[in-house]
Amino acid sequence: MALSLAPRPTVAEPPIRPSISPSHAVPALLIEHVTKRFVAGRKKKPVVAVNDVSLRIERGEVYGVLGANGGGKSTLIRLVSTLLTLDSGRVEVFGHDIERDEMAVKRMINRVSVDAAFFKKLSPAENLVYAARLYGLDAARARQEAIRILSRLGIKESRLTRPLEQMSRGMQQKVAIARSILTSPTLLLLDEPTTGLDPRSKLDVQSFIEELRDSHGATIVLTTHDLVEAERLCDRIGILNDGRLVVEGTADQLKEMVARDHGEDPTLQAVFMTYTGRSLDDDVEEESAEDDE
Amino acid sequence: MTTLAREMKASYAFVERNFYLTKRYWGWEVGWLVYALAGALSITLIGQDQGDQRLLISLLIGAVFWNYVSIVFSFIAETVAWERWEGTLEYTFMAPIRRYTQLVGSTFFAVVYGLIHTGFVLLVLTLFFGLDLSRADFVTAATFTLLGSLSLVGIGMMAAILPLLYVERGAQMTFVLQSLLLLFSGVYFRIEILPHWMQVVSSFSPGTYLLDGVRRGLMDGAPVTALLHDVWPLVVMAVILIPLGVWMFGRAERYAKRTGKLKRVG
């Protein structure tokens, strides 16, 4: 069946939540009515990157954030990462307010972004020990832990002392994941960690995220354009469109809903198109603009 | 682990990282050294040309000071600019460390590296011109260099704000501050020849007192105790400028987080 653009929900609509079963425990991540605007120039109208978003993620949950480029995914991740200030609303990480208790929050989180950002002239070992020291970790122990994590991700110990610039993009991204895990974050923010990776590296990273979820009980927020990845890894999925959270639920719930309410095929792609009003191909073509969110 | 121990460990991370980076870019370091030596020699040869030994030493000290300031400033300014270029800035700002921890680590390395680099330039120039520094008081020169460095670090922290606020050209804008220091500190001339208003401005530059102290120490063999009128302004400036630099950097960070300027560019 040919996929068609579905009408977007009006901005005033609250997100559609087919199954809300609020827990009384302190959530891993609580976002309440968060809004973030940017002003591009002195006289330009502010762009609302994140618009009154509220969501709650429980401990041990993998929460997927889908959305078109410019939809607000990376801005939301940056807000939780304390890299942006909130215009309004509040964010709590394991009960700690990110503005009032910023340092405690920083100790609990880590992030992997779409581009593996490192000092490329330095080796993985030097980069990882540097990162570990910033989090108060012992350098020798951090090195041992890095070897273990990278080995699990398929990188040999012998590669650890060569400059990162000599590594492939996929390997660099694996080192970025190792860096984020090294600090034992209780909330891991993965901002398109597999974008641009070859199929093998992508599978390695996805398997590792599954392992983190299943064995370590990590709470993960994952933004991705890969719907198969989202369906495979995420317990729940939220879709951001124009900065608004328009729908959230499990993959099965969303598929069922789009089939029932909109007469679409019960696929995540149909869900994406229905709630973002654009095709997946449009989105991928704008990949390079992702960081402008 | 106590907060202080954790912050010191984090501070050391910046020292170690910059050491590794300097080691990896050793070719650039050699090139930079040649550049610094050629520049200092060119300036100092003016004194040779004039046949004035005192002028020669005065210019030599000015050239060496200028080299030192350039190194300290460029390293501190690169605290932000380099990280933005590599894309690591967001990771550093996400880390659970105080901002002064980052600045202390970066500036400590900058000062130590600058002293080694400048010491080498001074040694080569001294040998080149066959200078007789037997009357020089090196304790005075070292004391003023260290005291002056503290004030310069404070100004350097303020300079590091520029790459934070101005994403594309911020690093280059730190040259403006450097050039003002060059003009108002009497690097290559006596402050007394400046118009009165410029002399007033000069009295607020740590470079003025640093250079005067070093020159008096190396050229006249004056002990520190004879130069207390140059010491106390440096102490006062350090006490004011370092906390002010940290505070201003914090304000700039807040602004950058509000406007989204921490994001990678380039």
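Every number here is computed from the coordinates shown, using simple stated rules; none is lab data. The structure displayed is predicted, hence computed values, not measured ones. For neighbour counting, all protein chains shown are included, and Cβ atoms are generated from backbone atoms with ideal geometry for every residue, glycine included.
For chain B, the longest principal axis of the alpha carbon atoms and the long axis of helix B:26-50 meet at an angle near 30°. Summing Cβ point charges (Lys, Arg +1; Asp, Glu -1) relative to the Cα centre of the stretch A:68-193 gives a dipole of roughly 620 debye. Per-residue ellipticity at 222 nm from helix content only, as computed over chain A with -39500 (n - 2.57) for each DSSP H run of at least four residues, stands at -11000 deg cm²/dmol. Coordinate range of the alpha-carbon atoms in the protein assembly as shown per principal axis, descending: 95, 54, 44 Å.
Shown is the FRET efficiency for A:Asp87 and B:Tyr166, computed with R0 = 25 Å from the Cβ-Cβ distance and rounded to the nearest 0.05: 0.65. Across the options B:Phe144, B:Phe128, B:Ala252, the greatest Cα extent toward the positive end of the charge dipole of the stretch B:12-259 (unit charges at beta carbon of Lys, Arg, Asp, Glu) belongs to B:Ala252. As a rough guide to protection, the peptides B:75-84, B:46-55 ranked by mean Cβ packing within 10 Å, highest first, stand as B:75-84, B:46-55. Computed from the Cβ-Cβ distance with R0 of 51 Å, the FRET efficiency linking A:Glu157 to A:Ala40 stands at 0.65. Backbone geometry of the stretch B:189-198 corresponds, through the Karplus equation with coefficients 6.51, -1.76 and 1.60 at θ = phi - 60°, to 3J(HN,Hα) couplings of 8, 7, 4, 4, 7, 7, x, 3, 5, 6 Hz, x marking Gly and Pro. Once both labels are positioned 7 Å from their Cα atoms along Cα-to-Cβ, the gap between A:Asp101 and B:Leu228 label points is 5.2 nm. Each of B:Ser74, B:Val187, B:Val30 was placed along the dipole of the stretch B:12-259 (beta-carbon charges, centred on the mean Cα), and the one lying farthest toward the positive end is B:Ser74. With a simple spin-label model that places each label point 7 Å from the Cα along the Cα-to-Cβ direction, the separation between B:Glu192 and B:Arg258 comes to 4.9 nm.
How many percent of DSSP beta bridges within the stretch A:29-287 run antiparallel, rounded to 5?
50 percent
Positive contributions from Lys and Arg (+1) and negative ones from Asp and Glu (-1), summed over other residues with Cβ under 9 Å from the Cβ of A:Ile31, come out at 0. Subtracting the Cα-Cα distance of B:Glu29 and B:Val112 from their residue separation scaled by 0.36 nm leaves 28.4 nm.
Of all aspartates and glutamates in the structure, the ones whose alpha carbon falls short of 12 Å from that of A:Lys121, not counting any fewer than 8 places away in one chain, are A:Glu165, B:Glu86. Selection among A:Leu203, A:Leu240, A:Leu227 by position relative to the dipole of the stretch A:193-253 gives A:Leu240 as farthest towards the positive end (Cβ unit charges, Cα centre). Between helix A:139-152 and chain A there is an angle of about 60 degrees, using the helix long axis and the longest principal axis of the Cα atoms. Placing +1 on each Lys and Arg Cβ and -1 on each Asp and Glu Cβ, with no other charges, gives the stretch A:29-287 a dipole about its Cα centre of roughly 1320 debye. Would you mind checking the tilt of helix A:199-216 against the longest principal axis of the Cα atoms of chain A, expressed as 0 to 90 degrees and rounded to 10? Approximately 90 degrees, to the nearest 10. Under Stokes-Einstein, with the Kirkwood radius over Cα pairs as Rh, the value for the stretch A:29-287 at 20 °C and 1.002 mPa s is 112 µm²/s. From helices alone, chain B scores -28000 deg cm²/dmol at 222 nm; the rule is -39500 (n - 2.57) for each run of n ≥ 4 DSSP H residues, then divide by the residue total. In a reduced charge model with +1 at each Lys and Arg Cβ and -1 at each Asp and Glu Cβ, the protein assembly as shown shows a dipole moment near 1140 debye about its Cα centre.
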